[in-house]
Amino acid sequence: MNRLIAPLGAWLLFCASAPVIAADTWKTTVTPYYVLVSQTSDRESMQWMRDFDQFILSTADLVKLNVKSLPPLTVVLFDNDKSYTPYKLRLPDGKAANVAGQFIRRESWSVIGMEQNVRDDEARRTVFHEATHWLMSGNQARQPAWFSEGIAEMFSTFERRGDQVNWAKPIGQHLATLQYGTIPLQEFLTQPSALSAREDRQQRFYAQAWAFTDFMMFSNNSQRRPLMIKFLDVFRSSSGDAAVAAAFGDQLPQLDRDFHLFIDQHSFPYVTQPVRPAPPSAALQPAPPALVEAALGRLALGTQQTELARKHAARAIALDADLPGGYEVLSYLALEDEKFDEAATQAEAALQRGSKDSQLYVVMGDSYVRGRNGEKPNAEQARVNMYENAINLNPRRLDVYQRLVGALHAIEKPREADLEFLRLGLKAYPGEDWLKVGAALVEYRLGRQDAAMATIEDVLRPDSTLDASERDNAVYLRRGWLISAMNDEIHSSYEKKDPDATRAVVARYREKLGDVPEIVTYLKEVEASLKPAEPPRRGKK
């Protein structure tokens, strides 16, 4: 562990470096973690890959990630700023942002675009911050906002120096921000998102997330890291307040005091480690022109250069109509233009050509409920199948599991395999009660009513994670199942010609069903249909 004096200098601008001589051809290679498409020399490309591979290996080792489960990443390296400028984000005045690197993350894919010869620290930090989020997306556990952003800021300082790597260095701008105050710790630890309508509040959250994560992981007290691990473990399936109480309890005020002492110190620990053993980088090969066009189209799409993206997609298809890349870009462009049927058509074309983009299966699934595919026979089952195909490609997407629950409501005879998909989701997201509602629905329709009712009763507890509409749905299911069970019992008692038993059934279910006007009326009608109970006969004197 090294210590570095923390600079309190001004915020560095995310600016571009000087241009270099352009390469004549594009090269490509496929690594275990990403696809590289490079305009630079082989030497520069290989150096960039060695550094980025070390970043991946170091980060994955610390947080115990399975790098094989990461969403697809494409890296586009430009030889100079002139070549890169058309793909930069645009400012409100239409001019290209003065950036040297960008990392665009979508649900099912990511892309890095940057000038290879970048030397600006802020540019590197931005790329490594977003790359950390990309890496962390391989971890299915639900995470608090402060840890998600804090760990990304820690790794944003990653650098390789010879046979060693450094990270978790102090960030001067964050320290300067914290000198103007911090967010109260209880509020900070339970804040659901880093985003805020107030820019100063958002900057403070990022600064505090970096400092608190560093404090919990690397301060002198060795007991703090286990407390952090306990917080993260509880947070997986509980609220932020529950995690604070379980991990810190009455220690929170003292932890707050210690944290402020930590951020007021003049030197900070950072990590130095030897480089990780890495397989040799794959040799660079001339890139097929269609592959280059598709990669540039995806980058242009990510930076909202829609017309440029459309031109690259059309060229990719013209060069090789059997590759999926151009169709993928056209599907996303159609979605942005709110042309849903066109998006589904392009998504289907990409999937037929071997696309591994899970979002395209989501588009197809949605098309069976909101597009022209909804008119096809068996549309409900096709919708379920598409969402399950998306999960097979990427089992870390909560939004797809949530869609699957909605789709399964329309399936009267679900399969055991449908339940297994929901169990896979609950393994990844054990605190997501909406997935439990879906599992209960499938179990009920598979004939396991007792297990289904037990699950529904559990998710209707006061502190569940259901929103208002999801809770209404669960209440509706429970009520319907209770009425069905009650009707079966009433029918049985009718057949036995036992009005007293029928009254007992009605009384028992009235308490369970509550004072819903329609149900109250129905129960009164049932009681009115019963013969009055006969008075007990008197014996003869």
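Past the 22 angstrom mark, what percentage of all C-alpha to C-alpha distances in the stretch 330-441 do you count?
31
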At 0.36 nm per residue, and after removing the present C-alpha to C-alpha distance, how many nm does the segment from Arg225 to Ala282 gain when stretched out fully? 16.7 nm
Cβ-placed point charges (K, R +1; D, E -1), dipole of the stretch 479-533 about Cα centre in debye, nearest 20: 80
Stretched fully, the stretch from Glu338 through Ala314 gains (0.36 nm per residue minus C-alpha distance, one decimal, in nm) 6.7 nm
Of the listed pairs Lys436/Lys524; Lys68/Lys311; Lys64/Lys230; Lys230/Lys427; Lys356/Lys427; Lys27/Lys311, which have alpha-carbon separations greater than 25 Å here? Lys436/Lys524; Lys68/Lys311
Whole-Å semi-axes of the ellipsoid equivalent to the stretch 288-355 (Cα gyration tensor, √5λ, descending): 16, 15, 8
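Percent of Cα-Cα pairs more than 19 Å apart in the stretch 162-271, please.
Result: 47 percent of Cα pairs exceed 19 Å.
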Largest-first principal axis extents of the Cα set of the stretch 480-528 (Å): 29, 22, 14
Taking the alpha-carbon centre of each part, the distance from the stretch 468-501 to the stretch 200-227 in Å is 52
Could you compute Rg(Cα) / (2.2 N^0.38 Å) for the chain, with N its residue count? 1.22
Using a Förster distance of 35 angstrom, determine the FRET efficiency expected from the C-beta separation of Asn98 and Glu307, and round it to 0.05. 0.95
Throw me the Rg/Rh for the stretch 217-337, computed over C-alpha atoms with Kirkwood Rh, two decimals. 1.28
How do Leu77, Leu89, Leu308 line up, fewest other C-beta atoms within 10 Å first? Leu89, Leu308, Leu77
Rounding to the nearest 20 debye, state how big the charge dipole of the chain is about its Cα centre with +1 on each Lys and Arg Cβ and -1 on each Asp and Glu Cβ. 1120
So if a site counts as exposed when it's one of the GluC sites (Glu not before Pro), its DSSP state isn't H, G, I, E or B, and it has at most 10 other Cβ atoms within 10 Å, what's the longest stretch of the chain without one? 1-337
Looking at the stretch 124-212, which trypsin sites (Lys or Arg not before Pro) are DSSP coil and have at most 12 other C-beta atoms within 10 Å of their C-beta? Arg198
Which of Lys88, Lys64 comes first, and how do the rest follow, when ranked by fewest Cβ neighbours within 10 Å? Lys64, Lys88
Suppose only helical runs count, i.e. DSSP H with n ≥ 4. What mean residue ellipticity at 222 nm does that imply for the chain under -39500 (n - 2.57) per run, divided by all residues and rounded to the nearest 500 deg cm²/dmol? -17500 deg cm²/dmol
Please list 3J(HN,Hα) in residue order for the stretch 294-301, calculated via the Karplus relation 6.51 cos²θ - 1.76 cosθ + 1.60 where θ = phi - 60°; whole Hz, with x for glycine and proline. 5, 5, 5, x, 5, 5, 4, 4
Test of understanding: extend the Cα→C-beta vector of Glu412 to 7 Å, then name every residue of the stretch 469-490 with backbone N under 16 Å from that spot. none
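Taken together, the values in this text are just the output of simple stated rules run on the coordinates, not laboratory data. As the structure is a prediction and not an experimental result, all values here were calculated from the model. In this analysis, Cβ positions are derived from the backbone assuming ideal geometry, glycine residues included, and neighbour counts consider all displayed protein chains.
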